[in-house]
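Please treat every number below as a calculation from the coordinates, not as lab data. Here the structure is a predicted model, which is why all the values come from computation and not from measurement. Virtual Cβ from ideal backbone geometry, glycine too; neighbours counted across all protein chains shown.
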């Protein structure tokens, strides 16, 4: 008795231990998922969120995917229909004359038939064909999710690029204004005889260069906005109206947090969209092989019907109506080696898809590792740039005070302002690259909450 109790107690403790480990692993996964999703750029950039929401319905790529899915939804129904009962009718109205009789007249004759048939046994070929229809649709649904995921990533990338381009244009504008001020001052000095013509000329050359630089920066900004408008289906004016002056600062994942993300890699390996697609393609090819193996086997069906036909009796014709029911057996004894060809083709496709599946897993794992390294690198660069921006801001604040008290010259202040503005631009670009890396790894791991939101809405 004690032995039994002990064994039960040990079993219970093992179960509790397993549940604890599972819960801990789940908690780690959930924590990582939350951490990643919380840092996606649309959470801190309201204009980006609004654009993403609009693009998920307005973008041409999404609308095209909807049409493709409808196509394969129809094909799925067709694939299922082969196993369902089939009802056929045939009605013929014709003119007849019996030339064997002298007194015969042209008469109208109505012939008809009604047949109900159903496949009974096809060695699993019909079930396999139905499964192929389901798999085709599932593959297209995965491709649709990929379209949402890719669209969300592209919009984030291009929107961040616009904010970077806008900051670049702002810096170019400030550089132009400084160049204009310096030229005006130098021209006044030239009039007063305290400056030379060559000094004015050099500053005018610098002014012309600043004007050209601003033109290029503005053109780049406008081009980026137009590209995003075409991608998202949202007018350029709407995109321009909601732009921020820079990418907001936010918390940066530390090295240990980024390292913990790797714990998810093995768990999410089979959830990569390319991996899932190839896995379903493998199932599809295996169904094709099964169908090929059954081509030369007898197929059994059931037929029930009503028909009218004619009988000749001593020079007369009369129509008879009969009801029938029976079993049908169809058997292809030889098809010119078409079955063998189909088998060879199906087996080659299976082997090909198997290799594609392994390649997809390897590529997915490689992309995860590469993206994690890039995220870590961009996070560390951003940390340094944020620190450098703080230092530049403090230095600018102190220099302004020194300028007000006469301890710093106008040239000193200008140099510090230029250094601060340059660091602002650099930090803004680093924020963009960090956001892109974070969005990439979130998307690869299946944590793109925005794309998933719209997929869930479509399935409701």
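Extension gain, residue 106-residue 271: 0.36 nm per intervening residue step, less the Cα-Cα distance, totals 52.1 nm. Computed extension length for residue 401-residue 53: 120.7 nm, one decimal, from 0.36 nm per residue of separation with the Cα-Cα distance subtracted.
Multiplying the residue separation of residue 37 and residue 205 by 0.36 nm and removing their Cα-Cα distance gives an extension gain of 55.6 nm. Nearest 5 percent is fine: what portion of the DSSP beta bridges confined to the chain is antiparallel? Antiparallel bridges: around 100 percent, rounded to the nearest 5. The angle between the Cα long axis of helix 60-81 and the main principal axis of the chain comes to about 20°, on a 0 to 90 degree scale. For the stretch 389-430, the alpha-carbon radius of gyration amounts to 1.19 times the rule-of-thumb value 2.2 N^0.38 Å expected for a compact globular protein.
Take each peptide in 59-69, 442-452, 144-154, count the other Cβ atoms within 10 Å of every residue, and average; sorted highest first, the result is 442-452, 144-154, 59-69. Normalised by the number of residues in the stretch 168-218, the mean separation of alpha-carbon contacts (under 8 Å, six or more apart) gives a relative contact order of 53 percent.
Helix 338-404 and the longest principal axis of the Cα set of the chain meet at an angle near 20°. Our helix-only sum for the chain, with -39,500 (n - 2.57) per DSSP H run of n ≥ 4 divided by its residues, gives a mean residue ellipticity at 222 nm of -25500 deg cm²/dmol. In percent, rounded to a whole number, the relative contact order of the stretch 119-212 is 22, using alpha-carbon pairs under 8 Å and six or more apart. Only Cα pairs under 8 Å and 6+ residues apart enter the sum, and on that basis the relative contact order of the chain stands at 22 percent. Annotation: average projected area of the stretch 410-460 is 4.6 square nanometres, based on the convex hull of Cα atoms across all directions.
The alpha-carbon atoms of the chain define a convex hull whose volume equals 327 cubic angstrom per residue. Once the Cα atoms are used to define both axes, helix 46-58 deviates from the longest principal axis of the chain by about 20 degrees.
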